[in-house]
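Read through the structure below, which is laid out as structure tokens, and then see the notes.
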Amino acid sequence: MQKFGSAISPEIEQKLAELRERKKLSPVSSEQEGTPLASLPDNVVGFTYSPANESTPLYAKRTFQSFEIHKLTDGVAHLIGFVTDAQAAAIYDGKEPTEVNLYPEPYGESTRLIEIPLERIRRAKPPSRSDGNYTQLQLDPAAD
């Protein structure tokens, strides 16, 4: 669904909807909107402009260049976004610390949809607020 100039195409929105359905996620309820991620129940999906910490508030509706977060079973949370193919390969390889620019919507060459567990984020810079609203992340290697 495209709103407010969103770069989320119907095809990408369909992929996101399938991902949410496969994970059996429910949108953050109106009563839960603005609640910090850590205080929300498991198996919810929400959107935020401050994506990389447990105190980030989640909202039910996607707005222009907001990040999607999935809170899964046992409090595990994934940040959803778009990176380049090379960055995706480094993330999936997971053997070395990796630095990526994660975009909330496809931007330039960053068109690869990816899920990043919050537990892998060592450091995050605030979103750029320009140039696609990316957030720069330093990721730890994947756990074995």
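The set of residues in the range 54-72 that are crowded, with 18+ Cβ neighbours inside 10 Å, part of a loop (DSSP other than H, G, I, E, B) and not hydroxyl-bearing (S, T, Y) comprises L58, R62, Q65.
The residues of the range 112-144 that are touching a residue at least 40 places away in the same chain (Cβ under 8 Å), out of contact with any Ser or Thr (no Cβ under 9 Å at 6 or more places or on another chain), part of a strand (DSSP E or B) and more than 13 Å from V83 (Cβ to Cβ), listed by number, are P117, I121.
Residues that are out of contact with any Asp or Glu (no Cβ under 9 Å at 6 or more places or on another chain) and among the hydroxyl-bearing types (S, T, Y) were ranked within the range 111-144; the one that is farthest from A52 (Cα to Cα) is S130. Does S9 fit the bill of being among the polar types (S, T, N, Q) and surrounded by fewer than 17 Cβ atoms within 10 Å (Cβ to Cβ)? Judged against the criteria, S9 is a match. Put simply, of P51, P41 the only residue that is under 9 Å from the mean Cα position of the chain (by Cα), part of a loop (DSSP other than H, G, I, E, B) and not small (G, A, S) is P51. No other residue among I69, I80 is touching a Pro at 6+ places or on another chain (Cβ under 7 Å), at pLDDT 95 or above and not charged (D, E, K, R) apart from I69.
For the range 94-111, the candidate set comprises residues that are farther than 20 Å from G46 by Cα, among the charged types (D, E, K, R) and not in a strand (DSSP E or B); within that set, the residue that is nearest to the chain's Cα centre (by Cα) is E109. Flag: E21 does not match the condition of being in contact with a helix residue (DSSP H, G or I) (Cβ under 7 Å, 6 or more places away or on another chain), surrounded by fewer than 15 Cβ atoms within 10 Å (Cβ to Cβ) and either modelled with pLDDT under 95 or within 18 Å of T73 (Cα to Cα) (or both). The set of residues from the range 9-27 being among the aliphatic types (A, V, I, L, M) and over 23 Å from Y134 (Cα atoms) comprises just one member, L25.
The values are calculated or read from the model by the stated rules, or taken from the named source; none is laboratory data. Keep in mind that what you see is a predicted model, and the values were worked out from it rather than measured. Glycine also receives a Cβ, built like all others from the backbone with ideal geometry; neighbour counts cover every protein chain displayed.
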